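Worksheet: one structure, shown below.
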Amino acid sequence: MKILVTGGAGFIGSHIVDALLAAGHAVAVIDDLSSGSRDNLPPGVPLHVVDIVDGAAVTRVFAAERPDAVCHQAAQMSVSRSVREPLFDAQVNCIGLINVLDAAAGVGCRRFVFASSGGVLYGDVTVPAPESTPANPVSPYGITKWVGERYLKFYAEEHGMAAVALRYSNVYGPRQNPHGEAGVVAIFCKKLLAGEAATINGDGRYVRDYVYGPDVARANLLALTADVPHVQPRTLTSLNIGTGVGTDVNELEAALRGTIAGLLERAGRGRGLPAPVHGPARPGDLRSNLVDATRAGEVLSWRPTVSLDAGLARTAEWFAARA
Ligand SMILES: NC(=O)c1ccc[n+]([C@@H]2O[C@H](COP(=O)([O-])OP(=O)(O)OC[C@H]3O[C@@H](n4cnc5c(N)ncnc54)[C@H](O)[C@@H]3O)[C@@H](O)[C@H]2O)c1
């Protein structure tokens, strides 16, 4: 199959590109490189540096590439920017999505997979939330993910595509951008590898469901290519992608500090790493968010394979090699 990955030069998108290539598929990428990087892509993958808000440019890429399926990862993904600039957020996440859906329908794409979010749809939940949990997005970013799924359903029914919305929990791993507000694992890796204390917001008792990037990429590969009864033309299937295991930020920092201390010791750079400092709490941060991915197991035979300890070790090694 030929698959077009939007946002393919980003963190999750580039792992999806790797998984698709390893499974023998042809891949092309659209990315405006606003947060992604060419360096995330293997040589030879066609990269169209295009803003998805530019509908004519998106249509030209689809006409040239004529993909069989689309994996839509490109997004404005800062919650706080969405609060400050809801119009910009909606332009990228709604108008951009519609441009990609229109172009996909125009060349007869059979499947469309969309990066949705369990975190912003379900809000504060102390037990893993199934897909049937009523959506209650509070930020403009969350609203665009919810609206995005509705557009996806409309295009699936109108144009005969099989559509899948994957509702990720908190994704982490190699290539995540450590300079944003999200991506706590990447941010802590950067700090600790520089020998500096990690800053924990508030009391750190914020529970999240951390899932490893390449595991999420495998979910996308299956959603794009698996021949399974639930993924059918004219149907939207929404699936949670996470582990259902909760870890708070204090536990996460302690685990990562132990991993990085061991890594530095083995490299002959062993020295004690400073304990974390606590900064102000971030207004609006959810206390707990977990997703139940049972349905992804039933529909796609997907299960997370990398434990948090193993994933943190691989991520720390990746950042250490570039520190
Ligand atoms: N990282 C997470 O924990 C998480 C959780 C839930 C959902 N998601 C969703 O997963 C997707 C990928 O996120 P990520 O963590 O890999 O982030 P990322 O920032 O690394 O990837 C997004 C990519 O999209 C590109 N992009 C942004 N705006 C664009 C535009 N207007 N036109 C073309 N390309 C554009 C960026 O350059 C980047 O390469 C996003 O849709 C995000 O909302 C991520």
*Rel. contact order, % - alpha carbon contacts under 8 angstrom, at least six apart, region 145-285*: 37
*Mind listing which trypsin sites (Lys or Arg not before Pro) in region 182-232 are in a DSSP loop and have 11 or fewer other Cβ atoms within 10 Å?*
none
*Helix 11-22 axis, angle to the chain major axis (alpha carbon atoms, nearest 10°)*: 60
_List the residues, sorted by chain then number, that are 5 or more residues from residue 235 or on another chain and whose placed amide H is less than 5 Å from its amide H._
163
*Cα centre as origin, Lys/Arg/Asp/Glu Cβ charges: region 250-316 dipole, Debye*: 260
*Using θ = phi - 60° and the Karplus relation 6.51 cos²θ - 1.76 cosθ + 1.60, list the HN-Hα couplings for region 246-252 in order, rounded to whole Hz, with x at every Gly or Pro.*
x, 9, 8, 5, 5, 5, 4
*Roughly what % of DSSP beta bridges within the chain run antiparallel, to the nearest 5?*
5
_Crossing angle, helix 308-320 versus the chain [Cα axis fit, 0-90 degrees, rounded to tens]_ = 80
*Work out how much length residue 203 to residue 282 would gain on full extension: take 0.36 nm times their residue separation and subtract the Cα-Cα distance, in nm to one decimal.*
27.4 nm
*Got the relative contact order for region 1-110 handy, in percent, Cα pairs under 8 Å and 6 or more residues apart?*
30
_Per principal axis, descending, Cα span of the chain in whole Å_ = 58, 43, 38
*What residue among 159, 72, 278 has the largest mean-square fluctuation in a Gaussian network model of the chain, using Cα springs under 10 Å?*
278
*asked:* Placing unit charges on C-beta atoms (Lys and Arg positive, Asp and Glu negative, everything else neutral), compute the dipole magnitude of region 86-188 about its Cα centre in debye, rounded to 20.
replied: 240
*Cα gyration tensor shape of region 1-67, rounded if a/c is under 1.5, else prolate or oblate by comparing a/b with b/c*: oblate
*Table column - 3J(HN,Hα) (Hz), region 183-198, Karplus curve with 6.51, -1.76, 1.60, x for Gly and Pro*: x, 4, 5, 5, 5, 5, 4, 4, 5, 5, 5, 8, x, 9, 6, 6
*Rounded to the nearest 10 degrees, what's the angle between the helix 55-65 long axis and the longest principal axis of the chain, both from Cα atoms, 0 to 90?*
80
*Over every pair of different alpha-carbon atoms in region 185-275, take the mean of 1/r and invert it; report that Kirkwood radius in Å.*
16.0
*Separation between Cα centres of region 152-219 and region 281-300, rounded to whole Å*: 11
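Output the relative contact order of the chain, whole-number percent, from Cα pairs under 8 angstrom with separation of 6+ residues.
19
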_Are there any trypsin sites (Lys or Arg not before Pro) in region 225-314 that are in a DSSP loop and have at most 10 other Cβ atoms within 10 Å? List them by number._
271
_Computed magnitude of the charge dipole of the chain (debye, nearest 20; Cβ of K, R +1, Cβ of D, E -1)_ = 400
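Is the shape of region 226-318 best called rounded, prolate or oblate, per the rule: a/c under 1.5 gives rounded, else a/b larger than b/c gives prolate, else oblate, with a ≥ b ≥ c the square roots of the Cα gyration tensor eigenvalues?
Cα axes put region 226-318 in the oblate bin.
For n ≥ 4 DSSP H runs only, could you compute -39500 (n - 2.57) per run for the chain, divide by its residues and tell me the 222 nm figure to the nearest 500?
For the chain, the value works out to -12000 deg cm²/dmol.
Read-outs: derived from the displayed coordinates by stated rules, not from any lab. This one's a predicted model, so the numbers in the text were calculated from it and none came from an experiment. Note that we place each Cβ from the backbone using ideal geometry, even for glycine, and neighbour counts take in every protein chain shown.
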